[in-house]
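Below: the structure, in structure tokens.
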Protein chains: 2
Amino acid sequence: MITFINCFTVPPGREEEFFSLWQDVNAYMAAKAGFVDHRLHRSLDPAATYRFVNVARWESPEAWQEAHDEGFRALVQQPQWQDFPSLPGLYEPVHEGSRRDAAAEV
Amino acid sequence: MITFINCFTVPPGREEEFFSLWQDVNAYMAAKAGFVDHRLHRSLDPAATYRFVNVARWESPEAWQEAHDEGFRALVQQPQWQDFPSLPGLYEPVHEGSRRDAAAEV
């Protein structure tokens with residue numbers, strides 16, 4: 001399992017426009033083999049560097065790579081996307097826990 | 001519930017040093033009231049802009065704010081942290097799902 005993290009820059013006041021475009025891409029990718037789940041986050045601060053951050057899990061880097069096909073490119077090459085730059089990357093979890101774990105260590 | 005996302009810049013070859021410092025801060029915060037859980041991610045690409053990304057959930061923005069006390073500041077004001085700039089922000093989930101959801105829509 002790997003985690004795809006994508007940080008989006010969205011000009012103020014254009015959140016709904018971004019969200020609509022993003023949902024089209026997400027629906028396309030969520031149906032692909034190897035997609036596990038996703039959570040899109042919006043910043044509480046409207047002036048945050050990254051207004052939206054998507055965290056999606058895939059079964060493998062290969063599945064993630066294969067999902068970036070012609071249909072995906074057709075979606076993200078729409079000119080509207082040019083106003084919403086993104087910083088995508090593949091990650092692996094290296095440390096996780098909950099408050100319960102911390103309390104149990106006391 | 002809110003989500004704290006923190007993106008870290010880490011110079012090549014200094015991952016272990018960062019990870020050790022980060023674990024000290026995380027252990028401190030994970031014991032605080034309102035901390036829910038966390039997952040630290042490391043990029044598969046050593047040259048990624050953000051080598052590590054932490055995604056932590058808290059019960060509320062207030063709990064998160066209150067946890068940033070004198071003990072927290074003492075930890076992050078250590079000079080070693082100056083080589084590891086971070087971009088922190090508070091977020092709320094606005095869209096989530098899994099492949100199963102997508103398949104169910106077909």
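Considering region B:30-43 alone, what residues qualify as being open to solvent by 40 Å² or more (accessible area, probe 1.4 Å) and outside any strand (DSSP E or B)?
Passing the criteria: B:31, B:32, B:33.
Considering each residue of region B:15-24, count those that are within 20 Å of residue B:65 (Cα to Cα) and crowded, with 16+ Cβ neighbours inside 10 Å, and give that number.
Number satisfying all stated conditions: 1.
Within region A:9-36, restricting attention to residues that are over 17 Å from residue A:47 (Cα atoms) and of a type in the set (Val, Ile, Thr), which residue is nearest to the other protein chains (Cβ to nearest Cβ)?
Ranking the candidates gives A:36 first.
Given the conditions (1) open to solvent by 50 Å² or more (accessible area, probe 1.4 Å); (2) without any contact (Cβ under 8 Å) to a residue 24 or more places away in the chain, which single one is not true for residue B:93?
(2)
The values are calculated or read from the model by the stated rules, or taken from the named source; none is laboratory data. Just so it is clear, the structure is predicted and the values come from calculations on it, not from any experiment. Backbone-built Cβ (ideal geometry, glycine too); neighbour counts: all protein chains shown. Note: accessible area is taken over every heavy atom of the protein model, side chains too, but ligands, DNA and RNA are not part of it. Shrake-Rupley method; radii C 1.70, N 1.55, O 1.52, S 1.80 Å.
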